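For reference, the structure is listed below as structure tokens.
What follows draws every value from the coordinates through simple rules; no lab data is involved. Bear in mind the structure is a predicted one, so any value in this text is a computation, not a measurement. With ideal geometry, Cβ positions are generated from the backbone for all residues, glycine too; neighbour counts draw on all protein chains shown.
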DNA sequence: TTAGGGTTAG
């Protein structure tokens with residue numbers, strides 16, 4: 001029978017007195033109660049009792065069942081429909097709850113609720129305020145602007161324009177349909193008909209449309225802020241790439257004594273992960289632990305992702321194993337995290353466990369799996385999973401999947417096969433694929449092919465500096481210095497080069513270095529350390545590889561230019577200010593050049609330091625003279 | 001007797 005913490009269906013007991021049911025039946029109804037969030041099984045049990053009592057056609061009982069079903073996730077829509085169809089004379093209440101079942105985001109076609117609304121009107125039933133909230137919800141889920149406007153017209157015609165719930169739903173609808181101006185119009189129509197949800201909905205509409213400074217002003221103006229107002233503003237900053245501002249807002253909220261909830265913690269952790277700065281995220285994590293905040297699925301998943309992005313993959317694995325409950329996102333972040341760290345075999349093993357647990361892979365799962373294959377150069381496995389994805393799971397490959405495959409094939413030297421794959425793609429071509437191929441031309445010294453692709457790319461996107469850089473590197477490797485100069489000049493005329501930088505967290509601060517940087521307060525010591533590193537790596541037999549240097553300068557100057565790459569300055573600073581037992585963690589915006597990669601391996605050996613570099617596309621974990629990427633990147 | 005806003009994976 002049902003446990004004590006249950007909420008009886010009050011209508012049922014009322015019904016009993018009305019029909020003077022027998023005492024025995026009264027007891028049956030008394031036990032026919034449901035908890036506030038019943039499971040599908042519990043609802044089905046209640047349904048069975050109603051059927052046994054011969055009340056399957058009663059609008060009130062069935063309306064309640066539908067109300068519970070509309071709240072529960074993953075309820076088969078066919079089941080709701082069969083309940084609704086059994087009602088002899090559906091009331092507005094029953095219609096509303098069926099509309100709500102149809103409107104839910106997990107229903108395949110929320111707009112079916114509009115058809116039900118029409119049939120309700122044909123039955124001469126008058127919609128009420130609840131009807132419109134659910135209908136507008138359906139239009140929001142479907143991002144259906146035209147239908148939404150039609151519902152809005154009905155709202156006005158039938159005189160529900162001053163209902164605050166409906167107005168809030170309208171603001172939300174126009175936001176979901178990317179019509180922020182319409183949201184604003186509804187918001188401004190009546191300043192008296194607003195509550196905190198109205199303000200929050202408008203705030204969300206502004207941040208979602210990227211109007212962050214307008215949102216910021218509104219947030220300051222708001223007299224009545226609740227935890228969702230803060231959550232919306234923090235999320236707004238983070239989703240618009242203003243990560244530091246998002247974290248500052250999070251701090252401000254805490255200083256005001258407002259306790260963060262799950263949504264806020266998840267956003268703050270995600271911002272810290274994106275920044276790649278470990279101390280901040282660790283601080284949030286320790287706060288979560290100190291207040292005994294439960295390791296819920298979203299919090300745990302974000303923590304796993306965050307540690308993977310910090311380079312602490314072992315910590316991610318530990319958390320993954322600790323999580324009492326996992327969803328598909330949890331598995332995906334673990335798979336993608338391991339792939340980011342080039343642990344290809346572990347990725348494939350985890351994918352098997354994922355399937356054994358009864359999960360069905362989605363597009364992102366395969367991005368992780370294919371990325372792992374690509375980074376480890378596992379050609380046959382990559383081909384196998386690419387086929388598995390389309391043939392067994394019916395997932396249409398997206399740009400990212402093709403990207404992994406092109407990268408895998410091209411870097412393995414199968415450049416013709418990679419080019420063929422690009423030609424046969426079923427999605428619109430992204431120049432990044434040709435750019436991947438261009439990278440492979442550099443590895444294999446294919447000057448002619450590289451020239452063709454490089455020129456094609458430059459034609460397609462003349463303002464992007466990356467294509468010129470890659471082409472110039474191909475020429476540099478072939479020591480065709482005149483061509484290097486020509487491409488560099490073109491680049492200087494047409495583009496603005498993105499400056500490379502490296503970050504390191506030390507002594508409670510973030511230090512950023514550019515190549516050849518002399519701005520740091522410990523500049524003298526850093527360059528002294530760089531010199532000492534240079535001598536020791538030379539003693540260890542290192543010979544500089546100057547092909548990454550594009551400048552048309554003398555050989556000695558080229559050597560010096562490499563020596564002063566931003567990551568080397570950051571590493572020198574790291575050796576200077578951290579303890580030997582500490583790992584040196586660097587975050588770099590561009591990819592590590594071959595020479596720096598080689599030198600960092602040697603540094604890790606002769607200085608006995610663990611160095612983790614997160615570059616533009618992956619992690620390099622340097623230890624005892626080796627890198628986790630096994631020089632394949 | 002049914003209602004609204006903010007959250008995690010490439």
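Side notes on the structure shown:
- Once the Cβ-Cβ distance of residue A:480 and residue A:540 is raised to the sixth power relative to R0 = 35 Å, the FRET efficiency obtained is 0.65.
- Cβ-Cβ FRET estimate between residue A:119 and residue A:226, R0 fixed at 45 Å, reported to 0.05: 0.70
- Zone residues, region A:211-237, relative to residue A:248, backbone N less than 17 Å from point 7 Å out along Cα-to-Cβ: A:212-221, A:233-237
- Relative exposure of A:244, A:104, A:387, judged by other C-beta atoms within 10 Å (fewest first): A:387, A:244, A:104
- With R₀ set to 25 Å, the beta-carbon distance separating residue A:510 from residue A:463 gives a calculated FRET efficiency near 0.25.
- Here the peptides A:192-203, A:228-239 are ranked by packing, the mean other Cβ count within 10 Å, and the order with the highest first is A:228-239, A:192-203.
- Neighbour-count order for A:64, A:154, fewest beta carbons within 10 angstrom listed first: A:154, A:64
- Peptides A:308-314, A:133-139, A:622-628 ordered by packing proxy, namely the average of other Cβ atoms within 10 Å per residue, highest first: A:133-139, A:308-314, A:622-628.
- Distance between the 7 Å Cα→Cβ label points at residue A:398 and residue A:325: 2.6 nm.
- Relative contact order of region A:502-627, taken over Cα pairs closer than 8 Å and 6 or more residues apart, is 27 percent.
- Taking label positions 7 Å along the Cα-Cβ direction at both residue A:190 and residue A:589, the computed distance is 5.0 nm, reported to one decimal.
- Here the spin labels are modelled as points 7 Å beyond Cα on the Cα-Cβ line, and at residue A:158 and residue A:576 they lie 7.2 nm apart.
- Based on Cα contacts under 8 Å between residues 6+ apart, region A:298-342 shows a relative contact order of 46 percent.
- Ordering of A:359-368, A:76-85 by packing [mean C-beta count within 10 Å, highest first]: A:359-368, A:76-85
- Here the relative contact order of chain A, from alpha carbon pairs under 8 Å that lie six or more residues apart, stands at 6 percent.
- Extension gain for the segment residue A:126 to residue A:360, taken as residue separation times 0.36 nm less the Cα-Cα distance, is 79.9 nm to one decimal.
- Once the chain from residue A:492 to residue A:291 is taken as fully extended at 0.36 nm per residue, the excess over their C-alpha distance is 66.9 nm.
- Helical runs assigned H by DSSP (4 residues or longer) give chain A a calculated mean residue ellipticity at 222 nm of -20000 deg cm²/dmol, each run adding -39500 (n - 2.57) before division by the residue total.
- The stretch between residue A:52 and residue A:416 holds 124.1 nm of extra length on full extension. This uses 0.36 nm per residue minus the Cα-Cα distance.
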